[in-house]
1. Any residue that is farther than 21 Å from I187 by Cβ and open to solvent by less than 70 Å² (accessible area, probe 1.4 Å) - is there at least one of those in region 117-128?
2. Restricting attention to region 360-383, which residues are over 30 Å from R322 (Cα atoms) and buried (at least 17 other Cβ atoms within 10 Å of the Cβ)?
3. Any residue at all in region 76-87 that's touching a residue at least 24 places away in the same chain (Cβ under 8 Å), under 28 Å from V373 (Cα atoms), open to solvent by less than 90 Å² (accessible area, probe 1.4 Å) and not β-branched (V, I, T)?
4. Test V362 against the criterion of being in contact with a strand residue (DSSP E or B) (Cβ under 6 Å, 6 or more places away or on another chain), touching a residue at least 60 places away in the same chain (Cβ under 8 Å) and of a type in the set (V, I, T), and give yes or no.
5. Filter region 185-205 down to the residues that are in contact with a Lys or Arg (Cβ under 8 Å, 6 or more places away or on another chain) and open to solvent by 40 Å² or more (accessible area, probe 1.4 Å) and list them by number.
6. For region 166-238, please list each of the strands (runs of 3 or more DSSP E) lying entirely inside it that holds at least 1 residues being touching a helix residue (DSSP H, G or I) at 6+ places or on another chain (Cβ under 8 Å), more than 22 Å from A299 (Cα to Cα) and aliphatic (A, V, I, L, M).
7. For region 331-359, which positions are free of Cβ contacts under 8 Å to residues at least 60 places away in the same chain and either open to solvent by 50 Å² or more (accessible area, probe 1.4 Å) or among the polar types (S, T, N, Q) (or both)?
8. Just one of the numbered conditions (1) in contact (Cβ under 8 Å) with a residue 12 or more places away in the chain; (2) surrounded by fewer than 20 Cβ atoms within 10 Å (Cβ to Cβ); (3) of a type outside the set (D, E, K, R) is not true of N97; which one?
Amino acid sequence: ILQRVMLLTSLSFTSNKFSPVAQWSKMNVAKSGYRVFSANSTAACTELAKKITERLGVELGKSVVYQESNRETRVDVKESVRGQTIFIIQTIPRDVNTAIMELLVMAYALKTSCAKNIIGVIPYFPYSKQCKMRKRGSIVCKLLASMLAKAGNYSLLLFLQSLFSSSLFLLPGLTHIITMDLHQKEIQGFFSFPVDNLRASPFLLQYIQEEVPDYRNAIIVAKSPSAAKRAQSYAERLRLGLAVMHGEAQCSESDMADGRHSPPCVRNTSGHPGLELPLMMAKEKPPITVVGDVGGRIAIIVDDIIDDVEDFVAAAEILKERGAYKIYIMATHGLLSADAPRLIEESAIDEVVVTNTVPHEVQKLQCPKIKTVDVSMILAEAIRRIHNGESMAYLFRNITVDD
């Protein structure tokens, strides 16, 4: 019976040439264009979007994103996006939650304005460090992926259209994401739609070759064993040596304050006494050691994110003690929170090189050691290829699983 009802509904909507569904289908038979919008309310965050549109030879979409006096986010789209593919470029400033809300509201506004597809360009994906379960915590990165997939909803009319009209297949929320150097590659599995995880390493490798004097005398350093694969990739491509630091400060995961001993244990004599399970031995941090000879070398520490810089400053001090005469830090995402610029300026670090996936112009004014590498070229090329239906394999040449 349900199948008959659905069939009759589809016929009633599509058989009449004056019906809304038929009119929508006719309007979208032709190949649609594309527009590029920025979802940021601050001028500093729109710089990357402007560079990308300049490379594409298109204008940035006309929209207004702002915060009300009560801190609510409001988005006004100032031009027609009907039947078009929309790319939303969203860089993440220090106010992460506001940026996420701006992206969600922008996606919903475009969807209700009848955009055909909405593709998010999020160079730095927020909450990517919260991608694993910790005690009674939550995998916030998975939550954000689900929110982006459901950022737009349709009326019954458009839902029926997407079911029964072959010329227009609409999906709720974002349908694709372009990002760069996810903190963990497994995050791609959190999404129910395609994710292109681009790499910034070709740009950083080029910077090393062109801007680091006597880079042949350098050694690539992994700040922790978990970063060894990334460091090995850099070392093999530059034909340089590799050093790994071990014993640096780890994230505190104390079991004493996690609530598992509250309320106090009371032996229940009436029930089963329980099993005596073997106790896991507590971790003990070894002294900081450097596996590899850095004496008389240029030490280049590579990582994906540089945020709180205390660990990098401590690593630089150790490398100096081991004989490194110059220390560089290479990272894709320069969050540089809190007192990072001051700590870098006062440390043994000679230069911090990050890409412009995250706006950090203020930090550069506070610390001249911070340098920026522009990655708008690869983001613009990704947008162009996705719109034209071209293969993305060109952007992943010689990229391996460990990169």
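The values are calculated or read from the model by the stated rules, or taken from the named source; none is laboratory data. Not measured: the values here are computed from a predicted model. Please note: Cβ atoms are built from the backbone with ideal geometry, for glycine as well, and neighbour counts cover all protein chains shown. Ligands, DNA and RNA are stripped out before the accessible areas are found, and what is left, the full protein with its side chains, is counted by its heavy atoms. Shrake-Rupley method; radii C 1.70, N 1.55, O 1.52, S 1.80 Å.
1. To start, the set of residues in region 117-128 that are farther than 21 Å from I187 by Cβ comprises 117.
Now drop any that are not open to solvent by less than 70 Å² (accessible area, probe 1.4 Å), which leaves 117.
Yes, the conditions are met somewhere in region 117-128.
2. Passing the criteria: H360, V375, S376, I378, L379, A380, E381, A382, I383.
3. Looking for residues that are touching a residue at least 24 places away in the same chain (Cβ under 8 Å), under 28 Å from V373 (Cα atoms), open to solvent by less than 90 Å² (accessible area, probe 1.4 Å) and not β-branched (V, I, T), one finds at least one in region 76-87, hence yes.
4. no
5. Matches in region 185-205: F190 only.
6. Values: elements: 176-180, 195-198, 218-222.
Because the criterion is at least 1 residues that are touching a helix residue (DSSP H, G or I) at 6+ places or on another chain (Cβ under 8 Å), more than 22 Å from A299 (Cα to Cα) and aliphatic (A, V, I, L, M), the strands (runs of 3 or more DSSP E) in region 166-238 that meet it are 176-180, 195-198.
7. Answer for region 331-359, where residues must be free of Cβ contacts under 8 Å to residues at least 60 places away in the same chain and either open to solvent by 50 Å² or more (accessible area, probe 1.4 Å) or among the polar types (S, T, N, Q) (or both): A338, D339, R342, E345, E346, S347, D350.
8. Unmet condition: (1).
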